[in-house]
Amino acid sequence: MRGLYIGRFQPYHLGHQVVLQKIAQEVDEIVVGIGSAQESHTQENPFTAGERVTMIAGALKDLEATCYVIPLEDVARNAVWVSHVRAMIPSFEVVYSNNPLVVRLFTEAGVAVKRPPMYKREIYSGTRIREMMLSGANWEGLVPEPVAAAIKEIDGVDRLRTVGKDDGG
C-alpha cells in the first residue's frame, strides 16, 4: 500500500521524521509531497523545492519504506487541488495529514485520510526553527543531520536573514 504525506517542510524537521517513521510501519511506500513548491526566498518559505527535495531525501535514506519525494505547486482553486495532486504523483490509497483543508479536500474526494499524531509540536515546528535561525539560537538539533548539512551548504540561515530585510526606505 502507498500513502501520501504532504507538507511545506520549511525546513523538514525531526517531528516530520518521527511521523514518517510511524507511517512507514503502516505502508510499503510513501509519497512525500512538497507543498507550495513554487515558493522560495521568503521568511515563511525560504528554501526552494529542489533544496527541500535534497534535505528530505537525505533524511529518509534509512526509512523502512520506499519513498518518493515530489514537489507540488499550489493551484489557486481548492476545488481542483486533489485532481492536481493526483496528476502529479504516483497513485496512493491513503493520505496522512493534520491540515484541516487537506483533510477536507481529500475526504470530499473519497480518499481515506488518517491524522497521524504530531510529535512534540511545541518543539518541532518549522516556524519555531526559522525563528531560531534568525535569532542565532541552536536550531541544528531539531532537524535531521542531512537537513542541517543541506541548509549550511546553501547558506540558508543567511538567506533567511536577508529575505527578511527591507530596503530601509
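The values are calculated or read from the model by the stated rules, or taken from the named source; none is laboratory data. Note that this is a predicted model, so its numbers are computed, not measured. Ideal geometry is used to build each Cβ from the backbone, glycine not excepted, and the neighbour counts take in all protein chains shown.
So that you can scan it fast, the table gives a plain yes or no per residue for (1) within 22 Å of A49 (Cβ to Cβ); (2) touching a residue at least 24 places away in the same chain (Cβ under 8 Å):
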position	(1), (2)
V103	no, no
F106	yes, yes
P116	no, yes
W139	yes, no
P144	yes, yes
K152	yes, no
D158	yes, no
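Selection within the range 68-124: residues that are among the hydroxyl-bearing types (S, T, Y), within 16 Å of R8 (Cα to Cα) and at pLDDT 95 or above. The member of this set that is surrounded by the fewest Cβ atoms within 10 Å (Cβ to Cβ) is Y68. Residue check: is F92 outside any helix (DSSP H, G or I), under 17 Å from the mean Cα position of the chain (by Cα) and not polar (S, T, N, Q)? So F92 does not fit the description; no.
Just give me the residues in the range 1-43 being assigned to a helix (DSSP H, G or I), surrounded by fewer than 23 Cβ atoms within 10 Å (Cβ to Cβ) and touching a residue at least 60 places away in the same chain (Cβ under 8 Å), in sequence order. Can you show your working first?
Narrowing the range 1-43 to residues assigned to a helix (DSSP H, G or I): 14-23.
Imposing the further condition that a residue be surrounded by fewer than 23 Cβ atoms within 10 Å (Cβ to Cβ) reduces the set to 14-15, 17-19, 21-23.
Scanning the range 1-43 gives L14, G15, Q17, V18, V19, K22, I23.
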